[in-house]
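Written out below as structure tokens is the structure these notes cover.
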Amino acid sequence: MEGQWYDAEAGPLVRPYAMTGGRTKPGPHGVRFDLIALVVVDPDGGEGAVGAAGSPLGPEHRALLGLCRSETQSVAELAAEADLPVGVVRVLLGDLLEAGHVKVSRPVPPAQLPDERILREVIEGLRAL
């Protein structure tokens, strides 16, 4: 029976639903974690190693926080660095966001960036000064 939960090369096996408590979607706060959403540790948020419900953070939560402490990371980068499925990372980030440990922002969509023609005109105008 013990051999079922341990792989000699991979180490202990933990199913993704065990890490997320059976949840498949982030909490009720309505934030959508796109693959390119940027995650950073909130210096003003959270109470150390305590989650939103007052329960201690799991090792996966702490690993994600550790990865975000050094620099802003995208959801895809966090999943790759933590070696976790993206769906699991989204649920765990939802917990961290709800507890106030992280902030999430989305990059500016290309449709909202200024037109290149306008930027060139501004540069030419500045050069003319």
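Across region 88-129, which residue is surrounded by the fewest Cβ atoms within 10 Å (Cβ to Cβ) among those that are free of Cβ contacts under 8 Å to residues at least 12 places away in the same chain and not in a helix (DSSP H, G or I)? Steps first, answer last, please.
First, the residues of region 88-129 that are free of Cβ contacts under 8 Å to residues at least 12 places away in the same chain: 108-129.
This time we only want the ones that are not in a helix (DSSP H, G or I), so: 108-109, 113-115, 129.
Working: VAL108: 9, PRO109: 8, LEU113: 10, PRO114: 9, ASP115: 8, LEU129: 4.
Looking at the filtered set, the residue picked out is LEU129.
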Can you tell me which residue in region 24-57 is modelled with the highest pLDDT, limited to those that are crowded, with 17+ Cβ neighbours inside 10 Å and over 13 Å from the mean Cα position of the chain (by Cα)? LEU57
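Quick check on VAL75: is it surrounded by 10 or more Cβ atoms within 10 Å (Cβ to Cβ), modelled with pLDDT of 85 or more and in contact with a Phe, Trp or Tyr (Cβ under 7 Å, 6 or more places away or on another chain)? Write out each step before concluding.
Details: surrounded by 10 or more Cβ atoms within 10 Å (Cβ to Cβ): yes; modelled with pLDDT of 85 or more: yes; in contact with a Phe, Trp or Tyr (Cβ under 7 Å, 6 or more places away or on another chain): yes.
Criteria met by VAL75.
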Given the conditions (1) part of a loop (DSSP other than H, G, I, E, B); (2) under 14 Å from VAL41 (Cα atoms); (3) in contact with a Leu (Cβ under 7 Å, 6 or more places away or on another chain), every one holds for LEU67 apart from (1)
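The values are calculated or read from the model by the stated rules, or taken from the named source; none is laboratory data. Here the structure is a predicted model, which is why all the values come from computation and not from measurement. Cβ atoms come from the backbone with ideal geometry, glycine included; neighbour counts cover every protein chain shown.
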